[in-house]
Every structure is written in structure tokens, then in C-alpha cells.
Amino acid sequence: MFTVLNQTLLCLCFPVSHSQITRLYSRFHSLDKGENGALSREDFQRIPELAINPLGDRIINAFFPEGEDQVNFRGFMRTLAHFRPVEDNEKNKDPTSGEPLNSRANKLLFAFRLYDLDRDDKISRDELLQVLRMMVGVNISDEQLGSIADRTIQEADTNGDMSISFSEFTKVLEKVDVEQKMSIRFLH
Amino acid sequence: MESYLFPFDSLICMLLGISFTVWFTLLLVFIIVPAIFGVSFGIRRVYMKSLIKLFEWATLRMERGAKEKNQHLYKPYSNGIIAKEPVSLEQEIQEMRRGSAEPEFDMSDIFYFCRRGVESIVDDEVTKRFTAEELESWNLLTRSNYNFHHISTRLTALWGMGVLIRYGFLLPLRVTLAFTGVGLLVVLTSIVGLFPNGRMKNYLSDKVHLMCYRICVRALTAIITYHDSENKPKNGGICVANHTSPIDVIILASDGCYAMVGQVHGGLMGVIQRAMVKACPHIWFERSEVKDRHLVAKRLSDHVADESKLPILIFPEGTCINNTSVMMFKKGSFEIGCTVYPVAIKYDPRFGDAFWNSSKFGMVNYLLHMMSSWAIVCSVWYLPPMSRMEGEDAVQFANRVKAAIARKGGLADLLWDGGLKRGKVKEVFKEEQQKLYSKVLVGSSEDRSRS
């Protein structure tokens, strides 16, 4: 069963080493308490370090495609593939696969989607406020938070529609080392 | 017809009789009598050394098999599979603020939380403590075979023989011993209970307890090494240890006499508890009393104040952890204000996994697993006694003791609560994270208004 899985994965756009797949499959299996080959939101929330992360729910949401409640191993790997370090791409120059999932643009898209609650490809003031509220809890007043949100939109918004599109988002973060901040390195 | 069967019958009976007699004599001579006197023939250590050689050979075989097929042997790493930088929230966010004229909030702040979150999904410090530790190499037990491939025919044959030996010879032997040990405990402690209170009774009770626990130790083929016995717990103190399984009790109690603490159970456990308490005072709580923390504390302090009573044995983690780490110690036993004798217990997982995964296996299943493993090998370290220092509260004291135990046993020292095995993490920890981040945001605005 495992080698079939291996082959399927190698055909997709993220080549991972054999041992890394084995390890991640082990991890997937240990998270899957119901042993039905798929993870639910509760399975993720059982991880204490994730449960105390202020953006834990948003990150969990990123694993589940629109309207679905279960994610299988393929989906799990697909989302994790965004966090592969960028250097690994040199080994895989597959012209047909298009842009790899762990490119700078796709990493930025992942982060953008954490802000974009209703998945309409725009971060509205409301959405920004909600995410800010998740990050600060009860420690900052509504007015202060509102002014932070206004200032952020003002600085990012170039076409005057009072919301941040993906290209505006990319422009604001063009000097940030996204590749390093959004990558996870395997030790072995 | 019948005349043919009679000689066979009597022959069979005779053979059975002889084999049983031989069996029981061997048992008595090699196991029970040494247990009574606390001596050992050293058979178990020889057994352990031969097993180690066997496992090393098996690993070499598997590595050779892997090299032939040009693949890598799967190696589990319990120390973590991804590189986690120990950078705090403030540090990372300061780094991302390029220069001084910064907005209070930067859209890139989200990267920190995002990466930490995904890191914890791939590998977190807590959930892996509640399942059996993965072994570096296979120990010829099916139950510890995670992804070990390249198992040649010879290895399979060895494994088959292992199964025969473990289930055909060792398991019946151990079960017999276990029944003997428990049976003797119940009977003898009840007899000792008939004596009037005094030095004679205490002496007999100690001897009886030690003997029965030693038989139980042999029933598990437990090979225990005790270190620093000069620090053994004395009367009027509390002994704390890290908890991996119910067997911890047997391991500690076969080397010293303790007063046990626990909830009253029904069934066989209840019978044992009632018998034990006749011989010497143990502390059993009714289920309803367990919730009342003051009552619990009072009973413990009363016991400790009486110098003639044995030291109390407590496991402050409150639940079984898989012996790779020590989790939060509950502060109850550290509030009593007496000397604490820490003990570190470390099992060698190659011979048999002692961890009781109570959500997966019931007690009977667990005991069967124990008795059909190769052996239980562990080391016990008695640490020097500790007391609460001036200005230290119970929680700090508990953490200090925990750190000492973790250091000695080579275990990871975690602040997380063992109760997370079943329960959810408290909201207050998330609120702490939010507070930290708010400080970073608000802090920078204060600086700006000052400048």
C-alpha cells in the first residue's frame, strides 16, 4: 500500500524523499484517531501547540478545501508542500508541472488566504479586523484595532477599492524574505 | 480394549505428574526462594545480554538487506524530525521590522504564527508522548514493527522462534508466577493483619510485601538496576517518581517499603487493596473523596507526620507518559511541606515497551503484552532528598523536582500537562500568546509616541 502511495505522490508536483513521505505518513496516521484514512478538524485541534496558536483555526482551515470536512493524506501533503524550502526546486525541473507549490508566489498566496476569510480574493477591512482580533485577543481596544486596520489598508491599497488584492499584498511584502519565513526544514 | 488403555493412562498420568513436579521444583528453587531472600542467580542478566547481541545482529542484517536494494533503512527519530528555531515571538517580529519608521502592524506578522502552526502539525512536543516510543531498530516483536522492511528469511525464522519461546514458555511461566505472587500477597498480608500492632507486625509486613513484589518482578522478567541506594526514601517523607505504567509501583516497592496512595477499586484490585491495608497503613481514597483537595492533603500530611509510618509513593504527573519525557507535576503533593525524595525511572524500550496506553489497551491486554515481551529492563535512580526553599511556592518546587528527575533519567522536561492526553488545552495559554503579541504591537506604538 505504501509504495503505491509513494508513486502517486511522485507523479504530483511535489517530489519528496522516501523517508520524508514515510515520516509524514506516520504522523498523519497518528493524528488520525478515527483510523478512517482522513483527518477532521477535531484531529488537528487535538494538537496542543496548534490549539494555543491564535491563528490555529485559520491554519486548520487551510487544509480543508471549500465545503469539505475531511482531508486525506494527499490533501495533507499538498498543503504541507507549500512549506518546502525553495532550494529543493533545483532538483526538480519538470517543465510540465507549472509553478511548484512552494514557490514564493504560492507561499504568499497561502498567507493571503489566511487573511481572506470568505475566499473572494480580496482582504476587506472587516476581514482584516477579524484576523487582527484573533491575534491580539482582548488586549487591544476596538478603536485602536480599527485604526491599525485603516492604516494598513491605506498603505497597501493602490487602486482605491478599500481592500487589499493579492497583487497589492505581494507588493507590500516584496522586501520580506518569504522563502525563509514560510519554510520548514526536515532534519534528515 | 480397556486393558490396552489402562497402562497408557497410568503412563501418561505418571509423566504428567513428573513433569509438573519438576516444573514446580525448578520454579521454587530458581525463582521463589531467591525472591524470598532477595538474592539473584543472575540468569536474567545473562538472558538480557544474549538478547542484545541478537538485536544487534538483526539490525546488521536489515541494514545489509537495505544496502543490497539500494535503499535507506527507515530510522525513526524521537528527537524531532524538523528543524525548529527557538526564536521567540518578539525576536522574530523585531527582525521583520526593517528600520525604525514602521507601522505598528505589518501584514508579514502572520508568517510567524503560520509557520509555528504548521510546524506543530508536522511534529509537536506533546501528542507523541502519549504513544509508545519508536525504536531505533527492530526487536523482533511484531508490535514494534513500524515500517521496518528488508526482513530476510533468517530474521523471520528467528522471529517465529521468538514467538514460540515467548508465548509457549515465557508467558505461562510468568502468568503462574503472577498468580503466585498476588495470591501470596493477599493471603500473607491478611495473616500479618491478625498480629497486634507493634514492631513485630511492621517487620513481618515489610518482609511479606518485599517478597511478594519480588515474585511479581520475576513474573515480568524485570531486570532492574538501582542506582544511589543511599538516597532511598525514609519514613516521614514523600517519594515522587515519573509515571510510565502501573508496573512502576512493583519496581519501586520491590526494593523498599512504601505506603501506597490510590483510589479504592472493586474486583480483584479491591481485594488486594483491602488485604494490603491490614498489614500496614496505605492510603486509599473513595472516589468521592478524591475531588476534595483539602481532605486529600490532610490525610497525606497526617500520614507524613507520623514517623512510624512508611514513606508515601506518589506519581505527580497523574497519568502514564511514554517515558521519553516528564510532564507537569501536580502541585498537591508539594504543598504538604515535608521532605521529597525524587526517583527517576527509565525503561529500556528494546526489550519490551512498558508504557500503558490506556486509551488503546485495557489493563488485561496491557499485562498480556508485558508478559509476552522479551523482558522489562529499567534503571532506577534515587535522587538526593529535596525540600521547599524559602520564597518558593509549590509550583516552583514541583518544577525544580521535575527538572532534577528529567535530568537524571535523560528525559525531556516539558511544562505541558499530562492531562492533555484526554482533555483539551486550557484557553488561558492561547490568551497568553495573544497578550504577548499585543505587547509587541502596542509597545512599538508607545515608542513612536514618545519619539
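Nothing in this text is a laboratory measurement; each read-out follows from the coordinates by a stated rule. Remember, it's a predicted structure, so these values are computed and weren't measured experimentally. A quick note on method: Cβ atoms are made from the backbone with ideal geometry, for glycine too, and the neighbour counts reach across all protein chains shown.
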Share, in percent, of DSSP beta bridges within chain B that are antiparallel, nearest 5: 25
Enumerate the calculated ³J(HN,Hα) couplings along segment B:181-193 in order (Karplus 6.51 cos²θ - 1.76 cosθ + 1.60, θ = phi - 60°), each rounded to whole Hz, writing x wherever the residue is Gly or Pro. x, 5, x, 4, 4, 4, 5, 5, 5, 5, 5, 4, x
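Hey, got the dipole for chain B? About the Cα centre, +1 on K and R Cβ, -1 on D and E Cβ, debye to the nearest 20? List each step's numbers first, then the result.
Numbers: 54 positive and 45 negative charges, 235 e Å.
So the dipole magnitude of chain B works out to roughly 1120 debye.
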Point-to-point label distance, B:Tyr203-B:Gln91, nm (Cα→Cβ direction, 7 Å offset): 6.2
Members of B:Lys234/B:Lys346; B:Lys84/B:Lys439; B:Lys291/B:Lys360; A:Lys33/B:Lys360 lying beyond 18 Å, as alpha-carbon distances in this model show: B:Lys234/B:Lys346; B:Lys84/B:Lys439; B:Lys291/B:Lys360
Using the crude model of +1 on Lys and Arg Cβ and -1 on Asp and Glu Cβ, and no other charge, please compute the dipole size for segment B:200-266 relative to its Cα centre, in debye to 20. 240
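Going through the cross-link list B:Lys402/B:Lys430; B:Lys128/B:Lys424; B:Lys278/B:Lys331, which pairs have a Cα-Cα distance over 22 Å in this structure? Write out the running numbers ahead of the final one.
Details: B:Lys402/B:Lys430 24 Å; B:Lys128/B:Lys424 15 Å; B:Lys278/B:Lys331 30 Å.
In this structure, B:Lys402/B:Lys430; B:Lys278/B:Lys331 lie more than 22 Å apart at Cα.
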Quick check: the distance between the Cα centres of segment B:305-339 and segment A:39-69, to the nearest angstrom? 36
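Run the numbers for B:Lys53 and B:Cys13: contour at 0.36 nm per residue of separation, minus the present Cα-Cα distance, in nm. Kindly include the intermediate steps, with their values, before the conclusion.
Working: separation 40, 0.36 × 40 = 14.40 nm, distance 4.10 nm.
So the extension gain works out to 10.3 nm.
What does the helix-only formula give at 222 nm for chain B: each DSSP H stretch with n ≥ 4 adding -39500 (n - 2.57), the total divided by the residues, and the result rounded to the nearest 500 deg cm²/dmol?
The per-residue figure over chain B is -16000 deg cm²/dmol.
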With Cα atoms, 0 to 90° folded angle of helix B:293-305 axis to chain B main axis: 60
Using a 10 Å cut-off around each Cβ, can you sort A:Met162, B:Met389, B:Met276, A:Met182 from fewest to most neighbouring Cβ atoms? B:Met389, A:Met162, B:Met276, A:Met182
First measure r as the distance between the Cβ atoms of A:Ser26 and A:Phe166, then evaluate 1/(1 + (r/R0)^6) with R0 = 45 Å and state the FRET efficiency to the nearest 0.05. 0.80
The answer for the net charge of residues other than A:Asp150 whose Cβ lies under 13 angstrom from its Cβ, with Lys and Arg +1 and Asp and Glu -1, is -4
Antiparallel %, DSSP beta bridges [both residues in the protein assembly as shown], to 5: 40
Considering amide H positions built from the backbone, and no H for Pro or chain starts, which residues 5 or more places from B:Ile376, or on another chain, come under 5 Å of its amide H? B:Ala222, B:Ile223
Tilt of helix B:2-27 relative to the longest C-alpha principal axis of chain B, in degrees (0 to 90, nearest 10)? 50
Could you tell me the relative contact order of chain B? Use alpha-carbon pairs under 8 Å, at least six residues apart, and round to a whole percent. 18
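Let me know the charge dipole size of the protein assembly as shown about its Cα centre in debye, to the nearest 20, where only the beta-carbon of Lys, Arg (+1) and Asp, Glu (-1) is charged. If you can, show how the numbers build up before the last one.
On the way: 77 positive and 75 negative charges, 631 e Å.
The calculated dipole for the protein assembly as shown is roughly 3020 debye.
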What is the helix-to-structure angle for B:267-279, meaning the angle in degrees between its Cα long axis and the longest Cα principal axis of chain B, kept from 0 to 90 and rounded to the nearest 10? 80
Cβ-based charge dipole, the protein assembly as shown, positive-most Cα from B:Leu368, B:Ser190, B:Leu436: B:Ser190
Projected onto the charge dipole of the protein assembly as shown (+1 at Lys/Arg Cβ, -1 at Asp/Glu Cβ, origin at the Cα centre), which of B:Asn323, B:Cys212, B:Pro7 gives the Cα projection farthest towards the positive end? B:Pro7
Going by how many other Cβ atoms sit within 10 Å of their own, how do B:Asp353, A:Asp142 line up, fewest first? A:Asp142, B:Asp353
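Return B:Met327, B:Met371 ranked ascending by Cβ neighbour count within 10 Å, so the fewest neighbours appear first.
Numbers: B:Met327 27, B:Met371 22.
Sorted ascending by nearby Cβ count, the order is B:Met371, B:Met327.
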